[in-house]
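Below you'll find the structure, written out as structure tokens, and then a few comments.
The values are calculated or read from the model by the stated rules, or taken from the named source; none is laboratory data. Worth saying up front: this structure is predicted, and the values here are computed from it rather than measured. Methodologically, a virtual Cβ is constructed for each residue, glycine included, from the backbone with ideal geometry; neighbour enumeration extends over all protein chains shown.
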Amino acid sequence: MNILAVVLLLLTAPLSALGLPSSPPESWSMAGRGLPVLAEGRVMPLESWARLLSFRITGRENDSRATTWLLELLAGFESSPVEPRFLVNDAAILRAEGLNFTDRRLYSLEELTPLLVPDRVSALGLRYLNDPTPLGQEGLRFARALESWLALAEPEQSGFRVFLARGVGLTPLQLASQTGRTEAQTQNLGLWLYWRDQSQKGQWKEAEQTMALWAQRSQGELGLVNQVQLELLNNAVPWVFLLGLLALSGFTTRWWPSPSRNVGLQSLVLACLAVSTLWLVIRMLLTGRPPVTNLPSTFLFTGWLCLVVATVLVYRESGRGMAVLALISGAILPYFSGLFVGGGDPFVPPQAVLNTNFWLALHVSTVSGGYAAVLVSALLGHAYLWNSSRRGPGNLTPLWKALTASLVWGLSLTFVGTLLGGVWADQSWGRFWGWDPKENGALLIILWTALVLHLRATGWAQEWGTAFAAALGLSVLLFSWMGVNLLGQGFHSYGATTGKATLFFGLLALDALFLAMLAVRRVLR
Amino acid sequence: MFRFGSSKVSVVLLALLFLELLGGTLAQSLWGATAVQTTAFSQVFFWAQGVPLPGLPFWLGLTAINLSLGAWKNLKRTWQTAGLWIIHLALILFCLAGFGFAVVQEELLLGLPVGASSKVAFVKDAPQEVTRGLPFTLSVEAFSVPKYPASNEPSDYISDVRLTGGGIDQRARIQMNLPLRFQGFTIYQSSVQTVDGQMAPVFKITNNAWGFLPYALSGLLFGGLVLHLLLRRPGAKK
């Protein structure tokens, strides 16, 4: 056996018992965050992979400690056996496995040791594979988390590769045992071994420099410098950033002195639009696809459309209230994108059935435009009812006009988008229409919007009633957009994730309560 | 009779369509997508707990009548309303096509392991096993499921097939999203099954002579919308 492989195996042994220094400085992990890694079907910076694993195992999103944690594991530092790290949302799953725990969220490695055997993890995954109940979905998620952990413990089985030389993705262990290495491979292997050695000795500065050189060389050799930097930039601008800008715009609108108010609002709307555009551009560059291809990306794209509307309205100074509504939509929608990312990777390669471009992109872009217009109409409906309850009728003409216009746009775009979806389905799946829950959802939006417009046309509802029906459209939209993906049925259940039903029904209940309150208030008046 | 063409009846029909579709979609989560697709969504009347209820084709048929009468009664016969006439015509035909397809559409499924051949396929969602003969014999010569690197997620499903019979002998490839069109039939990669521990492709086969209709109607509707917007634009000749 190659001597280097033996050396590497020895170095992989748990090192905490040797009294090694812990808590490396932040700069140590920062140097390694851009190391290209081949995992989960694509090349990504190590930081993205660390966050993905941390999300799966601990449930923490955008974990800032994830990179350090993963590098410590790769450097051979043993994970603390008593630290509660494994997320289990329902202890019934553990009790079914003979582990008698009461309900809590996190469990330690030590507590889950009996389960951490490949055969038991496989059996766990198979047990919940076709179980659509919340318990089944959580069981499957937990099994996948355990698989990820086992894969870390045995990187040879995981498919994880660190790119060490052009065109070759090998783990360090594979490279160490490989004969006939190229010069570049030998150099990179040397860097890897040196980095581990320095890290284990606590010589953080030297290890940091070695890792920086290794990451830089790997990116350069593979021509991945731009790709890695773009994804790191994407990681650095989380959704909260947009929320911060939104809060600032609220402050601007409310409290800034009148003359400079518009300038402030305009700047902040533009800043939000710039961030949103950046996300979409990065998405297109990294995936090599149009901006909308799956459920999470529809939230980003629709949010971006709302921000475009907000920008136009703010610059036309024709309706600050409407602009703020569009702004709020644009800033909040990307949050839902994060919620529905399957497996935690926003740039996950598409399922085979979605691995098309033209008709899919045309369908999803158009239907997202329709969703954006229906969303704006529903929010305008809320604004109309709210203003009407506070000020009574009058001064609501601009709102009313915007509401009807957005309803007409919503109906047209959703209809055309749905027809385009039929073309895509026919080309890919062999039928134009199949009464799949997601297809039904799009048709529900069309029927509801047409109903609202006809209510006014027949005279059965006046402006207030029509605005109320348009506001109810928010629930129809939420059901069609997110709710049907939570049903766990049909071709489109690929977007479903665990634990989102509570949020979904919470939003519906909150909206129903708000609308009921406004209706009661009107009746009492 | 023309009262049935009023927009108030349209509102009632839209509401009924909405409610049945919403109820059916929720029912899909309880009883499965197919159970509702083959009853409430495709039968003029269906039985629910021993009670006969109108299915979506019933409401679609009534909506087509409502739209026809409403257009005839309410739309002016002028050049200015040409776009609206086309839109209504397309919608009426869509309702009728929806009614027709829901009642008569038939899809076939055929699962074949590598090395196997078949001249028949099975009717999809049939309550019992029903087969239909094919004018050719379909054989699977090879099947592969390439995966994304460092992942267990399939990136494609690829079948190399052979079609024989009636004086033809042709080899072809069927991939996910790249169906094979042959003698009026379209053969799609639908799913996979395991036969004797080996993965085997399952094809969906359609032979719908009216398959062009949704495309034609979509084009008609889109054309009507564009024409209506052009005629309604500010400055358009009245």
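Filtered by the rule that a residue be surrounded by fewer than 17 Cβ atoms within 10 Å (Cβ to Cβ) and either closer than 24 Å to B:Lys8 by Cα or out of contact with any strand residue (DSSP E or B) (no Cβ under 8 Å at 6 or more places or on another chain) (or both), the range B:46-72 gives B:Ala48, B:Gln49, B:Gly50, B:Val51, B:Leu53, B:Pro54, B:Trp72. I'd like to know if the range A:393-402 contains one or more residues that are under 28 Å from the mean Cα position of the chain (by Cα), crowded, with 22+ Cβ neighbours inside 10 Å and either more than 10 Å from chain B (Cβ to nearest Cβ) or in a helix (DSSP H, G or I) (or both). No, that holds for no residue.
Among the residues examined, A:Trp435 does not qualify as in contact with a strand residue (DSSP E or B) (Cβ under 9 Å, 6 or more places away or on another chain) and aromatic (Phe, Trp, Tyr).
Has the range B:31-38 got at least one residue that is touching a residue at least 40 places away in the same chain (Cβ under 8 Å), in a helix (DSSP H, G or I), closer than 17 Å to B:Trp59 by Cα and within 7 Å of chain A (Cβ to nearest Cβ)? For the range B:31-38, residues touching a residue at least 40 places away in the same chain (Cβ under 8 Å), in a helix (DSSP H, G or I), closer than 17 Å to B:Trp59 by Cα and within 7 Å of chain A (Cβ to nearest Cβ): present.
The criterion of at least 2 residues that are modelled with pLDDT of 85 or more is met by the following helices (runs of 4 or more DSSP H) wholly inside the range A:1-74: A:26-32, A:46-58, A:66-74. Residues of the range A:124-147 that are free of Cβ contacts under 8 Å to residues at least 12 places away in the same chain and in a helix (DSSP H, G or I): A:Leu126, A:Gly136.
For the range B:146-154, the criterion of being touching a strand residue (DSSP E or B) at 6+ places or on another chain (Cβ under 8 Å) and in contact (Cβ under 8 Å) with a residue 40 or more places away in the chain is met by none of the residues. The single condition from (1) more than 23 Å from the chain's Cα centre (by Cα); (2) aliphatic (A, V, I, L, M); (3) buried (at least 17 other Cβ atoms within 10 Å of the Cβ); (4) modelled with pLDDT of 85 or more that A:Ala165 fails is (4). Within the range B:114-135, if we keep just the residues that are among the charged types (D, E, K, R) and outside any strand (DSSP E or B), the residue that is surrounded by the most Cβ atoms within 10 Å (Cβ to Cβ) turns out to be B:Lys124.
In the range B:68-81, the residues that are of a type in the set (A, V, I, L, M) form Cβ pairs under 9 Å with partners that are not in a helix (DSSP H, G or I), at six or more places apart or across chains, as follows: B:Leu69/B:Met1; B:Leu69/B:Ser6.
Selection of the range A:453-484 for residues being among the hydroxyl-bearing types (Ser, Thr, Tyr), more than 9 Å from chain B (Cβ to nearest Cβ) and either outside any helix (DSSP H, G or I) or surrounded by fewer than 21 Cβ atoms within 10 Å (Cβ to Cβ) (or both) yields only A:Ser475.
Selection of first residues in the range B:108-132 that are within 19 Å of B:Gly165 (Cα to Cα) and of second residues that are part of a loop (DSSP other than H, G, I, E, B), restricted to Cβ pairs under 7 Å at least 6 apart or on distinct chains, gives the following pairs, ordered by first then second residue: B:Ser118/B:Leu112. Among the numbered conditions (1) buried (at least 18 other Cβ atoms within 10 Å of the Cβ); (2) within 14 Å of chain A (Cβ to nearest Cβ), the only one that B:Leu138 does not meet is (2). Scanning the range B:176-201 for residues that are assigned to a loop (DSSP other than H, G, I, E, B), more than 10 Å from every other protein chain (Cβ to nearest Cβ) and of a type in the set (S, T, N, Q) yields a count of 1. When the range B:159-175 is examined, which residues are found to be at pLDDT 90 or above and either in contact with a Lys or Arg (Cβ under 8 Å, 6 or more places away or on another chain) or more than 10 Å from every other protein chain (Cβ to nearest Cβ) (or both)? Selection gives B:Ser159, B:Asp160, B:Val161, B:Arg162, B:Leu163, B:Thr164, B:Asp169, B:Gln170, B:Arg171, B:Ala172, B:Arg173, B:Ile174.
Test B:Phe18 against the stated conditions and say whether it is in a helix (DSSP H, G or I) and free of Cβ contacts under 8 Å to residues at least 24 places away in the same chain. Considered against the rule, which asks whether it is in a helix (DSSP H, G or I) and free of Cβ contacts under 8 Å to residues at least 24 places away in the same chain, B:Phe18 comes out as yes. Could we say that B:Leu13 is touching a Phe, Trp or Tyr at 6+ places or on another chain (Cβ under 9 Å), more than 9 Å from every other protein chain (Cβ to nearest Cβ) and modelled with pLDDT of 90 or more here? Taking the combined requirement at face value, the residue satisfies it. Annotation note: Cβ proximity below 9 Å between a residue of the range A:351-373 that is within 10 Å of chain B (Cβ to nearest Cβ) and a residue that is of a type in the set (A, V, I, L, M, F, W, C) and assigned to a loop (DSSP other than H, G, I, E, B) (sequence gap 6+ or interchain) occurs for A:Ala352/B:Val145; A:Ala352/B:Met176; A:Val353/B:Met176; A:Asn355/B:Met176; A:Thr356/B:Met176; A:Leu360/A:Val292.
Looking only at residues in the range A:58-73 that are in contact (Cβ under 8 Å) with a residue 24 or more places away in the chain and surrounded by 23 or more Cβ atoms within 10 Å (Cβ to Cβ), the one that is nearest to the other protein chains (Cβ to nearest Cβ) is A:Leu70.
Looking at the structure I just gave you, is A:Ser377 within 15 Å of A:Leu477 (Cα to Cα), touching a Ser or Thr at 6+ places or on another chain (Cβ under 8 Å), in a helix (DSSP H, G or I) and touching a residue at least 24 places away in the same chain (Cβ under 8 Å)? Answer is yes for this residue.
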